[in-house]
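Presented below is the structure to which this report refers.
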Ligand code: GDP
């Protein structure tokens, strides 16, 4: 959606002249009736120190409209939301369990822990929220559905094993999402543990420990023997403090469905992470295409609660159907409105369609470049051998076309997987397969998400295709 300079000024509680002045200082000549695009709106708002939120599709024909502006004064610190990723068997699940059972010093300690998709621990009187499903697959699947849930990623690497393919995937998925990374070097209790080897290996992926002049936090832990956990939690709080995560808890709740299922006794239940505002018993809401009214809420300690603020995970009942993980969740003024919106959403399936249509393909790349919509061409490379990957990266890096930069957001050896496709969908990337093909699930996901996958056997052809696409000289494929 668009808004004029005048509308924006009103929303920001500023004079139009102040907004125009700010625009001019940014090199944009504008009048009061001029329509502004989303980027400019966000930029101006941030120049005035105001957090702008982009709302999920609600109005008939607007996909993204500015809904509300939070005054700096209405924002307060919220707990960081953390996801744990890493190679299989490096200890993600053990670490999640160990942290869950850390001796919390909060009033909420005790209680029967419930699996509700996420949990909170408290350290130094501060809370941290952990998502319970480890791994970059879940993380990126949520992102591909448009959900931005995670603030901080913990990448677990087993000190007796080393940096493995899924470690690298996790690093690249976190980077593509722009989420800060803390490395937990796990299994340091093992006799053959070599934490320095891990640090050394990760420097190759631009994760350089602070003591070596970098800015990545590394913490040595043993999930099994519960060593270093407190330090890890303190480091999470440190990163949270630096990034100053805030939300307005005094408005209608909005968040993301983390999990949902049909419970035999309770009916449809959704486990939701509240991200903005506060969710209360009786609230009418939309979750994806479903609607409902919050009948009961249970927190991660198994307690019934009446209200849940930002970064709090809760299990709710009172839905009419089962939503999907990653679905946006939003409270409305009454049930009638919620129902109308859910209906409209289910008819149109607007979100996925719009998402898919706006995805970049090589065929329309040039158009996007010309319209100034694309500055980075994000590429994922999968090939049969590491040597080919490196050669491709090298050659693609040499392509220079004015106005666009090629960014290899992930590369690896092996078939193209569903996780690669989700990363591409979440990051608006194209996928190049060199002497490899997508596996069955990836193939299906690519069609569904309309991700452009290009398969090649000759390096020269890859380079030529990308170059021509960037120049708008690609022959259309029929
Ligand atoms: P995930 O696949 O990353 O979730 O890994 P798991 O948490 O399932 O752990 C894989 C194996 O490593 C299990 O047998 C764990 O008991 C073991 N493990 C996890 N953390 C540690 C640790 O700190 N030290 C030792 N010695 N073993 C660990």
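Overview of results
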quantity	calculated
Residue list for the range 129-168, given a label point 7 angstrom along the Cα-to-Cβ vector of residue 224 and an amide N cut-off under 16 Å	157-162
The chain - Rg (one decimal) and Dmax (whole number), Cα, Å	23.5, 70
Highest to lowest packing among 73-79, 117-123, 25-31, 222-228, scored as the average C-beta count within 10 Å	117-123, 222-228, 73-79, 25-31
Where labels lie 7 Å past Cα in the beta-carbon direction, separation of residue 204 and residue 471 in nm	3.5
Förster radius 22 Å - calculated FRET efficiency between residue 361 and residue 448, Cβ distance, rounded to 0.05	0.90
Cβ crowding within 10 Å averaged over residues, with 39-48, 422-431, 155-164 ranked highest first	422-431, 155-164, 39-48
Cβ-based exposure ranking for 37, 7, 420, in which fewest neighbours within 10 Å come first	37, 7, 420
Protection-proxy order for peptides 386-392, 397-403, 371-377, each taking the mean of Cβ atoms within 10 Å per residue, highest first	386-392, 371-377, 397-403
Förster radius 30 Å - calculated FRET efficiency between residue 241 and residue 212, Cβ distance, rounded to 0.05	0.85
Label point distance in nm, residue 334-residue 10, each placed 7 Å from Cα along Cα→Cβ	2.5
Mean Cα-pair separation over length for the range 230-341, i.e. relative contact order, pairs under 8 Å, 6 or more apart, %	31
Antiparallel bridges, percent of DSSP beta bridges restricted to the range 369-413 (to nearest 5)	10
R0 of 56 Å, Cβ-Cβ distance residue 401-residue 281: FRET efficiency to nearest 0.05	0.50
Value of relative contact order over the chain, rounded to a whole percent, pairs C-alpha under 8 Å and six or more apart	12
Distance from the range 416-478 to the range 217-238 (C-alpha centre basis), Å	39
Pairwise label distance in nanometres, residue 295 with residue 441, each label 7 Å out on the Cα-Cβ vector	3.3
Within the chain, helix-based [θ] at 222 nm, where runs of 4 or more DSSP H residues each add -39,500 (n - 2.57), nearest 500	-10000 deg cm²/dmol
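Read the figures in this text as sums done on the coordinates, not as results from a lab. None of the values given here were measured: they were computed from a predicted structure. With ideal geometry, Cβ positions are generated from the backbone for all residues, glycine too; neighbour counts draw on all protein chains shown.
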